[in-house]
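These notes are about the structure you will find just below.
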Amino acid sequence: MQPLFRRATPADAEAAVPLVYRSGPAAFDHVFAGQGHDAQGFLRAAFRSGRGLFACQRHWLGEVDGKAVVAGTAFGGGAAL
């Protein structure tokens, strides 16, 4: 079955963040974990906030039977500034 793609919303954080994290756990842990923080906690807060590179507004979800199975984002370099 083909996934149905839609824009992510803040309510999708619990389903989307583990998918985003799995794209590079070592890199996320290196950059965002430490000093009492965990990378997925950071990603959840950023995803829900609506601000920054990890905000839900930058993500799309692919769902199969109503369950998120893929998350992705793409943007130009100007968006990172």
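The values are calculated or read from the model by the stated rules, or taken from the named source; none is laboratory data. Computed from a predicted model, the values in this text were never measured in an experiment. Backbone-built Cβ (ideal geometry, glycine too); neighbour counts: all protein chains shown. These area figures cover heavy atoms from the full protein model, side chains too; ligands, DNA and RNA do not enter into them. Shrake-Rupley method; radii C 1.70, N 1.55, O 1.52, S 1.80 Å.
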Take Val64 and decide whether it is in contact with a Gly (Cβ under 6 Å, 6 or more places away or on another chain) and either exposed (fewer than 11 other Cβ atoms within 10 Å of the Cβ) or among the aliphatic types (A, V, I, L, M) (or both). no
Any idea which of Ala55, Ala74, Ala27 is open to solvent by 60 Å² or more (accessible area, probe 1.4 Å) and over 24 Å from Gln2 (Cβ atoms)? Ala27
Of all residues in the stretch 13-22 being touching a residue at least 12 places away in the same chain (Cβ under 8 Å) and not aliphatic (A, V, I, L, M), which is surrounded by the most Cβ atoms within 10 Å (Cβ to Cβ)? Tyr21
For the stretch 1-12 the number of residues that are in contact (Cβ under 8 Å) with a residue 12 or more places away in the chain, in a helix (DSSP H, G or I) and surrounded by fewer than 19 Cβ atoms within 10 Å (Cβ to Cβ) is 1
Residues in the stretch 54-73: is at least one on the phi < 0 side of the Ramachandran plot, over 12 Å from the mean Cα position of the chain (by Cα) and charged (D, E, K, R)? yes
Could you count how many residues in the stretch 33-52 are in a strand (DSSP E or B) and either under 16 Å from Ala16 (Cβ atoms) or open to solvent by less than 60 Å² (accessible area, probe 1.4 Å) (or both)? 1
Return the total of residues in the stretch 13-32 being assigned to a helix (DSSP H, G or I) and not hydrophobic (A, V, I, L, M, F, W, C). 6
Kindly check whether there is at least one residue in the stretch 29-49 that is among the hydrophobic types (A, V, I, L, M, F, W, C) and closer than 16 Å to Phe75 by Cβ. yes
